Amino acid sequence: MAKLLLSLHVLAAVIAVGPVTVAGSMFPASVRRAAAAGPDAAALAPVRLLHRICRVYALVGIAVPVFGFATASTMGVLTDAWLLVSIGLTAIAAGVLALLVLPGQQALLDRLDGGAAEVERRTTARLAMLTGVFNLLWAVVTVLMIVRPGSSTGA
């Protein structure tokens, strides 16, 4: 059962977090291109698509900790330090995404929808930085999941 749950956990992480990572990273540059194009509806389409990908896959991403907790419970590692740190970093990453990245994307999209001909480079740079923090947190969690320092089941 542990192997099945671990497989589902890893698949959920790849399928859910991967698209958010890529689409979120592409979003700021797409906003800048759309702003430069002016009130062209076609230029807004990629921005809307990238934001939608981030929103939808963020919801799908809820499966990652669900399968993670089930896997950890089955493996009897719920109190291991590497897992507790991973859980904390995952919670922080979820908070960055839900409270900073997605609202930041929506605010930029609203400005473009409102006909803003210019978007401050500072605003898109801040969003790119926040997305980078989200991506870095997930990279650290991934390494912790593989290395599992101090775990008796570690490599």
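The values are calculated or read from the model by the stated rules, or taken from the named source; none is laboratory data. Keep in mind that this is a model prediction, so the values were computed, not measured. Using ideal geometry, Cβ is built from the backbone for each residue, glycine included, and neighbour counts are taken over all protein chains shown. All accessible areas refer to the heavy atoms of the entire protein, side chains included, with ligands and DNA or RNA removed. Shrake-Rupley method; radii C 1.70, N 1.55, O 1.52, S 1.80 Å.
Below is a table of values for the structure above.
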item	result
Stretchable slack from Lys3 to Thr74, in nm (0.36 nm times residue separation minus alpha-carbon distance)	24.6 nm
Mean Cα-pair separation over length for the range 41-155, i.e. relative contact order, pairs under 8 Å, 6 or more apart, %	36
Sequence ranges 22-30, 9-17, ranked by mean other-Cβ count within 10 angstrom, highest first	22-30, 9-17
DSSP H segments from the chain that extend 30 Å or more along their own axis, Cα-based, with Kyte-Doolittle mean of 0.0 or above	2-37, 121-147
Volume of the Cα convex hull of the range 1-85, divided per residue and given in Å³	83
Whole-number accessible area per residue in Å² for the chain, which is evaluated in the context of all protein chains at 1.4 Å	55
Rounded, prolate or oblate (a/c below 1.5 giving rounded, otherwise prolate when a/b exceeds b/c) for the range 95-136 by Cα gyration tensor	oblate
Where only alpha carbons of the chain are counted, the Rg and the Dmax (Å)	18.0, 58
Over the chain: helical MRE at 222 nm, DSSP H runs n ≥ 4 each giving -39500 (n - 2.57), nearest 500	-27500 deg cm²/dmol
